[in-house]
């Protein structure tokens, strides 16, 4: 016991001596190091500005976004995106219980006695989720997150208000995705934080030209597609880009902005047509001075003179000028014009920034691309997902007779409307959106929406129908909306039918279990007989069912689902209101463009859907639209010929765009091989399949027929008069010099080979 006391006493004495010596050393060195210490060492503006007291003392709470205690680090948490970037153990977080709560934290007053206020911030880039510096109660500085889960350093320059009293306010006014803010570690310093890579740039200008162009840097495709680590999210996603009018966002995108002209691969563009003569502010985060200077007004997009002339570009399939495409949307025929909308990312070559692109045609061949139809305004609605379009001929909505009405999914908000009364030149969002939500709730009790892809059609009554109500009886029909619904989880995914008489108020009628996204419902005659019709429900995975629909409920007339489309084909849609009852479909061809291209993604060639009676029931067929004949330039034919191993039929041809019709009797061969440079089609006769992806194609009356469209970087097959429709990519780098047909493992007979070279629709 005595030894233990002595040890404690000695240790205490030694400790005190060390403290005294340390103080003496600092006093001796004070004249030399004091200036450095004062300049470089930050300080808290007030006690608990870093939240490390574990409570919210010295902060005033308003609303319910912030709990009475700050967010606490959880070292063992699986999600390290916030936890791993905190300074200390606590921070302020308005999203602990979901994105939909709102409120604020306001600090006590402090004196500005340093030039800079540094802090860490995460969360949405909404103007409504922000950190403010208050001087005399007014916000003189503000900063939002950059749509990231990780806390990132930022700062305010305080030099203008040095010596004055100030407050910090952390604000969350947003009930939407990314409607939260995280803040931490407020400190005063006289040293400007070295955060040049995160600098915000903005410029205000008067709009006088057609486009605002942005320098874009492509990441390697392997990086974009293989990205998994959320800590490097911003390296892939890029930086927020906003266009503001009167301080309010009118466009909001993410872009991988090039740091310099030398690093620019292509220029993205945003239309300025809606803002002519107005003052507009462009704002970016994480941009360099040189890169930001390249953001300019232009009447033409740099490189525009080469669009649709490139070696890698399809010549008769539609492709947007720049950016990424995926699902066709809202396709509709209106007063002699085909309107073509699609999911468009104008700022990158990958999915995101969901905007509705818009193009028109009078012949389904030659397309004119216009400004986008639907845009993201803030990061809260930056996913303007898929939907459909129709024409309100009777003005049931009150928007105007023959208005074009678009239905779209605003993610986590609901199904929404936009309409045009000027023939599609401009679209206005319905002020009371959303028109449909679901009653599922998040952890805060706020309802949220997990349905999507509304398809809206007009259901016209016949003598067997009972009208929904008096209004429907007056109009002679009602509107039907089919929505893909995930409220009950993927195991119970379904199509949900709604009805309406005014497009604004909808009533749930029935559910159709087991169907996938991007659904459609439409009616077709069987074998061309207008007195014998069936309804078809078609989903994005290219499966469909045939049956009866009474305006509220679909009843299939067979078990399971059928399939028509194969290959890189997905999320198709038909044109609504097409003349003569035609059902013309376009699908997303998921094959990608060349790495050097300023765009990515393709769509299929328009094809017409019909119903036919087959030996196994009623089935749908798809064939290229008849309008394709207008593109024929030069034709080639081969007479019927016997095919044997080593003795192929060869047709010389010097074109990479053509429409080929092929028919053969497979005989006793094992395979019939169609060889076109960049494209190889191998038909296995015993299995009766196209080998690639084992696509079924039966021998009918001893023959197999293929209609093959070749277009530079992709090809499509309509097999056996459209019983099978295939979309696939081809190697555009291999020039086509010949078409060769050969039999393998036995003999076959080529009964028809007819080729029509096709002109480009862009010339």
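The values are calculated or read from the model by the stated rules, or taken from the named source; none is laboratory data. Worth saying up front: this structure is predicted, and the values here are computed from it rather than measured. With ideal geometry, Cβ positions are generated from the backbone for all residues, glycine too; neighbour counts draw on all protein chains shown.
Yes or no, residue by residue, for (1) surrounded by fewer than 21 Cβ atoms within 10 Å (Cβ to Cβ); (2) touching a helix residue (DSSP H, G or I) at 6+ places or on another chain (Cβ under 6 Å); (3) outside any loop (DSSP other than H, G, I, E, B); (4) without any contact (Cβ under 8 Å) to a residue 12 or more places away in the chain:
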| residue | (1), (2), (3), (4) |
| --- | --- |
| 505 | yes, no, no, no |
| 510 | yes, no, yes, no |
| 518 | no, no, no, no |
| 524 | yes, no, yes, no |
| 534 | yes, no, yes, no |
| 540 | no, no, no, no |
| 544 | no, no, yes, no |
| 559 | yes, no, no, yes |
| 572 | no, no, yes, no |
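If residue 687 satisfies all but one of (1) within 20 Å of residue 744 (Cα to Cα); (2) without any contact (Cβ under 8 Å) to a residue 60 or more places away in the chain; (3) part of a strand (DSSP E or B), what's the number of the condition it fails?
Here residue 687 meets the rest and fails (3).
For every residue, the table says whether it meets (1) surrounded by fewer than 16 Cβ atoms within 10 Å (Cβ to Cβ); (2) within 21 Å of residue 567 (Cβ to Cβ).
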residue	(1), (2)
695	no, yes
703	yes, no
714	no, yes
718	no, yes
737	yes, no
746	no, no
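Of all strands (runs of 3 or more DSSP E) completely enclosed by the stretch 582-680, which ones contain at least 1 residues that are farther than 30 Å from residue 534 by Cβ? Before you say what the answer is, go through the steps one by one.
Working: elements: 584-589, 607-614, 617-624, 632-638, 641-643, 649-652, 657-665, 671-676.
Counting at least 1 such residues, we get 632-638, 641-643, 649-652, 657-665, 671-676.
Just give me the residues in the stretch 248-261 being without any contact (Cβ under 8 Å) to a residue 60 or more places away in the chain and outside any strand (DSSP E or B), in sequence order.
Let us first name the residues in the stretch 248-261 that are without any contact (Cβ under 8 Å) to a residue 60 or more places away in the chain, namely 257-261.
Hits for the stretch 248-261 are 258, 259, 260, 261.
Among the listed residues 176, 122, 183, which satisfies the condition of being crowded, with 19+ Cβ neighbours inside 10 Å, out of contact with any strand residue (DSSP E or B) (no Cβ under 8 Å at 6 or more places or on another chain) and under 20 Å from residue 93 (Cα atoms)? Spell out the reasoning first.
Working: 122 fails: out of contact with any strand residue (DSSP E or B) (no Cβ under 8 Å at 6 or more places or on another chain); 183 fails: out of contact with any strand residue (DSSP E or B) (no Cβ under 8 Å at 6 or more places or on another chain).
Answer to the selection: 176.
This table checks each residue for (1) closer than 20 Å to residue 208 by Cβ; (2) assigned to a helix (DSSP H, G or I); (3) at pLDDT 95 or above.
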| site | (1), (2), (3) |
| --- | --- |
| 263 | no, no, no |
| 267 | yes, no, yes |
| 277 | yes, no, yes |
| 280 | yes, no, yes |
| 283 | yes, no, no |
| 286 | no, no, no |
| 290 | no, yes, no |
| 297 | yes, no, yes |
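When you look at residue 624, is it crowded, with 17+ Cβ neighbours inside 10 Å, touching a residue at least 12 places away in the same chain (Cβ under 8 Å), under 30 Å from residue 336 (Cβ atoms) and not assigned by TED's automatic domain parsing to the domain that holds residue 701, yes or no?
Values: crowded, with 17+ Cβ neighbours inside 10 Å: yes; touching a residue at least 12 places away in the same chain (Cβ under 8 Å): yes; under 30 Å from residue 336 (Cβ atoms): yes; not assigned by TED's automatic domain parsing to the domain that holds residue 701: yes.
Criteria met by residue 624.
Check the stretch 708-719 and report whether any residue there is more than 32 Å from the chain's Cα centre (by Cα) and either assigned to a loop (DSSP other than H, G, I, E, B) or over 30 Å from residue 618 (Cβ atoms) (or both).
no
Being touching a helix residue (DSSP H, G or I) at 6+ places or on another chain (Cβ under 6 Å) and over 19 Å from residue 43 (Cα atoms), is that true of even one residue in the stretch 128-142? If you could, list the steps in order and put the result at the bottom.
First, pick out the residues of the stretch 128-142 that are touching a helix residue (DSSP H, G or I) at 6+ places or on another chain (Cβ under 6 Å): 135.
When the remaining residues are screened for being over 19 Å from residue 43 (Cα atoms), the result is 135.
Among the residues of the stretch 128-142, at least one is touching a helix residue (DSSP H, G or I) at 6+ places or on another chain (Cβ under 6 Å) and over 19 Å from residue 43 (Cα atoms), which makes the answer yes.
Only one of these conditions is not met by residue 555: (1) assigned to a strand (DSSP E or B); (2) at pLDDT 95 or above; (3) buried (at least 19 other Cβ atoms within 10 Å of the Cβ). Which number is it?
Every listed condition holds for residue 555 apart from (3).
Taking the stretch 163-189, which residues are outside any strand (DSSP E or B) and at pLDDT 95 or above? Working first, answer last.
Kept after step one, since they are outside any strand (DSSP E or B), are these residues of the stretch 163-189: 163-164, 173-180.
Result: 163, 164.
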